[in-house]
Structures are given as structure tokens and as C-alpha cells.
Number of protein chains: 2
Amino acid sequence: MHITNLFILLVFLVNYGICTSRYTLETNYIEVPVDHFSTVETRTFKLRYLISTKYHVKGGPAFVYTGNEGPIDIFAQNSGFLFDIAPRFNALVIFIEHRYYGQSLPFGNKSLTSPENLRYLTTSQALADYAYVIEDLRKTYFGTMLTIDTSPFIAFGGSYGGMLAAWLRMKYPYSVLGAIASSAPIWYFPDLTPCGTFYEKVTSVFERYGKEECTKMIKIGWDIINKMSKTKAGLKFISSSWSLCKNLQNAQDVERLLDWLSNIYINLALSNYHYPTEFLTPLPAYPVKVFCDKLTTSYFNDSKSLIEHFGYALEIYTNYTGTKQCNNINSTIEDPNEVAWNYQSCTELIRPTCSTEKDMFFTKTWSYDEFAKCCLTRYNIKSQRRNWVINAFGGFNIKYFSNIVFSNGLLDPLSSGGVLRNISDTIVAVNITDGPHHVELRNYDPSDNNYVINARKFHIAAIKRWLDV
Amino acid sequence: MHITNLFILLVFLVNYGICTSRYTLETNYIEVPVDHFSTVETRTFKLRYLISTKYHVKGGPAFVYTGNEGPIDIFAQNSGFLFDIAPRFNALVIFIEHRYYGQSLPFGNKSLTSPENLRYLTTSQALADYAYVIEDLRKTYFGTMLTIDTSPFIAFGGSYGGMLAAWLRMKYPYSVLGAIASSAPIWYFPDLTPCGTFYEKVTSVFERYGKEECTKMIKIGWDIINKMSKTKAGLKFISSSWSLCKNLQNAQDVERLLDWLSNIYINLALSNYHYPTEFLTPLPAYPVKVFCDKLTTSYFNDSKSLIEHFGYALEIYTNYTGTKQCNNINSTIEDPNEVAWNYQSCTELIRPTCSTEKDMFFTKTWSYDEFAKCCLTRYNIKSQRRNWVINAFGGFNIKYFSNIVFSNGLLDPLSSGGVLRNISDTIVAVNITDGPHHVELRNYDPSDNNYVINARKFHIAAIKRWLDV
């Protein structure tokens, strides 16, 4: 049984993902406590935030993006919506980096090296950071002793950042007046969402955008790879057809290859935007469609030809710009952002993910015990808190919180763990038909369809309601 | 300048305070995480709670008292209101002990011995304990996967316990449906309440219940003590007149005496109930009046006689039952509950308290820096977080929380830091004219006046509203 591939990044960051800087922000740092919840640990560290005062006019609010599992500049450059609407609100725009990611390392390059240093990598600490930075910026830009209504901050976030935006409003409603939580799967956790829904959603994106046979061929692909991998010649053939940097050698390599392939499918679905993007990696518009177009049933019975054509198709994701020499299927294992995210995925943000006959993936079961074992053997992470998210944020019982918009693209695989219905008058949902991952947080684009445009209008109306303007 | 007496217990527990057990509860223990906010610290410890199923009928709610700074049985025996109204609601009644107090010691008798062991003594950890225990009891008594509405828990608390009840609802509104926060001075912290108001309130109780000259004589008392303490004979005279266990020797002893005396005045005001009580210590009805009655102006000019009469008056508080041999002015310094409370008072629950010409106390200034220095020199507590309460619970900005009743006796000295006005439709205040400290949380008494009765009706109406019954 495969127990790997448990640690899908919500947003799987590939380092060469940013090529252009569309928005100009000032980079600042603020000293924050290493531990907000202890009175003994008194160390501090520098947390990075980016700020733009360009559109800020006295009386205007602050839009604050609660950073995700990666360097904050990536999210700043891919959340154009904040900049697009800042002028009409006269808003200050701020992006705060999540501790342990990017440059915000509590113990420098030693941050991820020991349990003792990793112990402060928790969602509670991250939320406390955001509240702390916001109070500091409130004083700087609005003056002291103001109420949340006279110096309103609005939280924004997409994906994990969206969860944090919602949770920030939930836990610190005196810090932010409301939260736009885009594609925030706050229920993608044990006891809240069945493990099979994520892969089903990925599959449905391929069914919707690919040709009829696409998912069928992807399914066959797993078997072909497994069969071919049984011989040395087969391993070599796959390695060269897919331009792997290092030839496949053994079963472990093959397992890694299958995970790598799974992640590509997932990321294609997550990034299936209607125009070319550079968020996860440079991609064409509708990359799922482009990928599937490369696969035809004509080589159904020819394993080698099928593998070769898979190789061409994969280049859509791995090498769209044509500048990459080879594919390193272990390439991100040393990426500190991924190490940090795996740590969070093992300890608090435990996302049950399995594959069933309803989807196009190879069979993967999921059980909490197996998961915990995997965290221990693979990452030496002993402490997992199965019920953390429910304990800390209430699970389905969120109706007593207020002022949150949950937006989800209905073809976003992560929408399976999202809030798709109104919970109360002030916790509301907007669903984007055919929408991918937090598409409406991106900048306006001439090709945006009405669903995306309406979601943005929904956000603007909510913000106006909160601001009472 | 006096910088001592900074650590007034909100409820200054004297160990011989309980003589009778009016209510029968089962004692249980539950393993809770030592650290709810770290994923590295995996130890657990036994938290004590008391439970009564006597009135619980299926469909009824659970009333849960969030324990204060002392052994939980004291609060269970002095919060009869919960038992009085449990039958009409078919309610389960639970009292949860606060970590580091009573029997709930994370590291046994080593809990208070080192910063490393004390680091988990924080309000955040205590609140997380309560939420954790409640989820466990929800499963045991109501079944799994129920929502907060189908298995409603209502939080109750008085004084610091009232603050915790309110904060629990604020931070975990999916854990408790609402909170009755009685005499909860959630604003008795830096930047929220002026330092002089507490002693002013104490003084006003003595003005209201004592004879006209009472506060005047108390004021003169400080001078007399200071003058008399200048000679050995004077020290000896005070020591014997006031039955001190150990004769006063030096200025430091005198300083301690003044603090001891201040605390007695404070506790008399806090306990100025309209019937005899045994909460802090055995006391007659209206102890402030009884105390003041012992002091007459006839010995205004006779220092010795005045000191002697003060001695008689003090016995109202120190020896009402007539069984005590002598008064140890250091008596509680070794009490672990007091050590724990001083720690909390130094680190998070920093209460600005000064005396001015408006009150009957000797002059005491207050500054945060002096306070921090005192914590360091006196208790070796280095880490103080001046802004903790505002950062963690929003200060005045609480209107986005819901379902909290703040009740205050208007003659309760702690009401100066309480919420005395409605904040929103669901965060409401009920003020008890002439009321002392959390009087309405006590059991019904034939002598209860209409103010107290009405406050209880107010609570019952709120609970019904929350339960929708």
C-alpha cells in the first residue's frame, strides 16, 4: 500500500514560479515574540511584511493578506485583487509572511533542524503573529487606542492563507473586521471531510476539461508504469522518456515517481486558470486541457508510445518555457518551505486523502494511524494532534463567529473541504462555477468570466458592509 | 514609596475558608496536554473536575464553572446559584479546576519551582484546558459529533473565574453557548482602567457601610502605625495588641504589616455580603459595618487605644470564630496557590493599582516599570507582558463576540474594571446596586434583596435565550 504522497502542498510552491513583479511593495520587518503563549520564552525574531501605501488615504482601511506556506512575495504578486480594489477603498495594502517560511525564520537556517526549534511552528503562533503585527501597524498608520471600527483591517487569504484569514477573524475579531477567505478548506481535516473527495474533485477537473479518454488514460498509466518498472530496461525507458535527471533504480524511486506524477495532476487541476499563469510554475491557459490534448487513445495498446506521449504532456507542467534540462523527482525535498509544510501537515494540519475507484489515481488508502506512522518514520515527527483543527477552530460549529466570506471555485480540488453554503447572516459563501483555486484573488483579466467577476463583486459588497460605507 | 501589595488576590483565599460542604459532587480527573499550543511538548497531566449528574435529564444543558485561582471545591461550595437553577434546566453541573491550583498540578509539587515548570501557567492554556475537558464531557454525556446547540454548555464564573468564562466564550464560542461572567474585571489592566479606581471603590464600601468616621480613622491609622513603629516599644505594642505570631522587628516587617492590613480592608469590602459567609474566611453579615462599629472617634487622640481598638476590629476578619491563636502576617507567602497567582499577576494579569488622596489607603504610586522591577526582585519573574490582556482578548473592542452576561455588584471594588454597560444585543451587563463581589452566584438566601434576585432573573433569562427554551 502506498502511504506516501500524504503531504501535498495546498499550494505546491516551485521556486522558479515567479518571474515578474507586477506590484511594488516596501519590505519591512517587525520583531515578534518567538512564543506568544508562554511567559518564559522571551526571545523575538524578525517577521517580514510587505506594504504599499500607494492607495492609502486617511480614513481608508487596511487590507492585510495573511501569508501562506511560502515566501510572501509570491502571494503578493499573485493576489492582484487587493491592489485592484485598493484605490476605490483608499486602502493600505499589507502582506505578512508566515513564520518559518521565506525570510521569517525564528532561528535563521537552524529553524527547521530540531524539534526544539520547530516547536513554535503552529497555526496559533502564526495567527498571534498576524494580530501582533496588525496592532503595531494600526498604531503606525492609524494612531493609538482606536477601535477596530475606526481603524479597520480586513484580512484576505487564499488556500492555507484563506484558512488563516478566516481563523484570524474567528480568534481575533478585534484585530480584523472581516475576512475574505478564498479557497480555504477549513474542513479538510479528520472527521469533517471524507478522505476520497479531494481526488474525486481533481478527477472531475480532468473530466470537465480533458477529452473523454483523458482520465481513462491516466488510470491506465499507473498500471503501465508499474509493469514497465519491473525491468531495468523499462526503468531506463521511463527515465529517458520523461527526462528524469537521475535514472530510476528501484521500487522506492518508482514510488516517488508516482507521487511526483500525482502532484502534477493535482497542481494542473489547482492551476487550471483561464489565462496563462506563473503562480506554481509557468503554465498555459487551461493547462488541464492542454495536457489532455497531448494524450490520444491511438497508442492505447502501445505502452512505450503511451509513456512517450505522457512525457510530452508532462512538459506542459514541468517545462512550459522550454528552459529546463531535466526533471528531478526529488527536487523539492530539500526546500525548507516544504520541510516546514510537511511538519505542519504532520502535526496540526492533518488532511485525510485517499484514492478510491471513483477517481483516476492509483489506490491509496488513508488511516490516521498509518499517517502518524509515516510522519514518524519519514520525518521523525512524533507529535501529531489528530483533532487539532476541530479543537482549535470548532469544526462545523462556526456559526457564532462573524464577518467571513468563504469563496470557492467549484472545480477547485480543495473546495471539497471548503465552506460552500451560508452559515449565518455574516458567515457567507460564494461559489464560482467552473472556478479553479482562489482565481478571484488574482488581478482582473479581460478574459475573466461572469462567475469570477460576480465573486469579486460579492467580496466588495461584503467589505462595504463591514466598513459600513 | 511602597511598591509592595501589588499582588492582591482577586479572591484572596484563606485555607481555612471552607468548613461545610453544602453540595455533593463527584471528583474526577482528566488527562490534558501540558502544552496545548506546541506540538513538541507531548506530556499530559491530570486536571481535576467536580461533577454532579443529580439534576441532569437528557436534553438538558451542562453548566460548567471555569475555575479560579484556588482549589475548585471552594468555588463549588460558594456558587450555589448553579445548583439552585440546575433542576429547572435539567442541567449537568461541572466545576473544572484551573491548572497549577488545588490538585491540578502539571508537575506535582515541583510545578511552581522553576520557570521551566511554570511556563505553562497561562490564561491561554487554562482556556484550552476548559475547551478540552468540555469536548471530552460532551462526548461522555451527550454523544459524539453533536453541535453546540444540541449539547449546549454554558460557562459560569466569578471574579477571575468570570473573566475566564467570558474569555472562553470569546475564544471558543463552539465550546460554550454563552457565559455568565460575574464580577469579572476584564478591563482591570493597563490602558483600560485608571490605577486609582480600585482603592476608591474599597473606600466607598467603607463609606457606605461604616459609620461616618470609619474611613477617617483608617486613614489616621496608617500614620499612627508608622509613628509608633519608629520605636521598639511601639513595635512590641502593635505586635501584642494585634496578636501577631511574631513580633515586628524592622521596617520590612512594618511594610508587610501595612500590606496585610490593606488586604484585610480589601477582603472585607469584597466579602461584604448581607449574611454570614465562609468564602474567604468566616465572617458575619456586612463585615465592613461590624468592623467599623468597633472603631469610634473617642480614642482619636489616644494612639495606643486606637491601635488596641483596631486590634479588636481586625478580629472580625482574622478570628471571627475565636479559634485562632495569633495572626501570621506572612501566613500565605508559602501557599502554593498564592505563588501561582503572583506568577500570573506578574506575567499576564497585570493590574494597575494605586492609592490617591481620594481613598483611605496610604499613598501608593503605580508604574509599569516599578511593577516589573518588583516582580523581578521579589519573585525573580523576568517576563512580564504588559499588553497581554489587550492583545489576547481585545480590550474594549469586544463587540464582535456574543452571548456574555457581565454582572457586577456596584460596591464590589473589582467592578471598577468590569463591564457595566451593554456592549451589543448579546453582550449585556446587569449591575447590582449595593452588591458585593459575585453575590448572585451564591445560593439563594431568604435575606437576598431585589437587586440580587433581579440579577439572577437576568441570568436565567439570558440562559433561556441562548438555549432557545
Inset, instruction - Enter the angle in degrees (range 0 to 90, nearest 10) between the Cα long axis of helix A:123-142 and the first principal axis of the Cα atoms of chain A, meaning the one along which they spread out most. - result: 40 degrees
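Shape verdict for the range A:321-453, please, from the Cα gyration tensor: rounded (a/c under 1.5), prolate (a/b greater than b/c) or oblate.
It comes out oblate by the Cα gyration axes.
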Legend entry - Relative contact order for chain B, counting Cα pairs under 8 Å that sit 6 or more residues apart, in percent: 20 percent
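Could you give me D for the protein assembly as shown, from Stokes-Einstein at 10 °C and 1.306 mPa s, where the hydrodynamic radius is the Kirkwood radius over C-alpha pairs? Units µm² s⁻¹, please.
Details: Rh = 30.4 Å.
In µm²/s, the coefficient is 52.
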Legend entry - Cross-link partners of B:K246 among lysines (Cα-Cα below 21 Å; sequence separation of 8 or more within a chain): B:K227, B:K230, B:K232, B:K236, B:K304, B:K324
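Please give the FRET efficiency for A:L192 paired with B:N443, using the beta carbon to beta carbon distance and R0 = 45 Å, rounded to the nearest 0.05. Could the numbers behind the result be given before it?
Details: r = 42 Å, r/R0 = 0.94.
According to the calculation, E is roughly 0.60.
How well do other chains shield peptide A:396-405, expressed as the mean number of their Cβ atoms within 10 Å of each residue Cβ?
Working: counts 4, 8, 3, 5, 13, 5, 4, 1, 0, 0.
Taking the mean over all residues of the peptide, I get 4.
Report, in listed order, any pair from A:K364/B:K58; B:K201/B:K399; A:K382/B:K110 with a Cα-Cα distance greater than 31 Å.
A:K364/B:K58
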Inset, instruction - Rounded to whole Å and sorted largest first, list the principal axis extents of the Cα atoms in chain A. - result: 71, 51, 41
Legend entry - Pairwise label distance in nanometres, A:K324 with B:L420, each label 7 Å out on the Cα-Cβ vector: 6.8 nm
Inset, instruction - Please work out the FRET efficiency for the pair B:D223 and B:N380, using the Cβ-Cβ distance as r and a Förster radius of 22 Å; give the result to the nearest 0.05. - result: 0.05
Legend entry - C-alpha long axis of helix B:303-318 to longest principal axis of chain B, angle in °: 20 degrees
Legend entry - Sulfur and carbon atoms: percent of accessible area, the range A:102-211 [1.4 Å]: 54 percent
Inset, instruction - At 7 Å along the Cα-to-beta-carbon direction for both A:E31 and A:H274, put a label point, then send me their distance in nm to one decimal. - result: 5.0 nm
Inset, instruction - Note the buried accessible area between A and B here, summed over both chains, with a 1.4 Å probe, in Å² to the nearest 100. - result: 3700 Å²
Legend entry - Positive-pole candidate from B:F362, A:G157, B:T215, dipole of the protein assembly as shown, charges at beta carbon: B:F362
Inset, instruction - Identify all aspartates and glutamates with a Cα-Cα distance to B:K46 below 18 Å; exclude those on the same chain that are fewer than 8 residues away in sequence. - result: B:E26, B:E31, B:D35, B:E69, B:D73, B:E97, B:D129, B:E135, B:D136
Legend entry - Angle between chain B longest axis and helix B:232-241 axis [Cα atoms, degrees, rounded to 10]: 50 degrees
Inset, instruction - Just subtract the alpha-carbon distance of A:V469 and A:D136 from 0.36 nm times their residue separation and send over the number in nm, one decimal. - result: 117.4 nm
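The values are calculated or read from the model by the stated rules, or taken from the named source; none is laboratory data. Please read these numbers as outputs of a predicted model, since none were measured by experiment. Reconstructed Cβ throughout: ideal geometry from the backbone, glycine too, with neighbour counts over all protein chains shown. Surface accessibility is based on the protein's heavy atoms, side chains included, excluding ligands, DNA and RNA. Shrake-Rupley method; radii C 1.70, N 1.55, O 1.52, S 1.80 Å.
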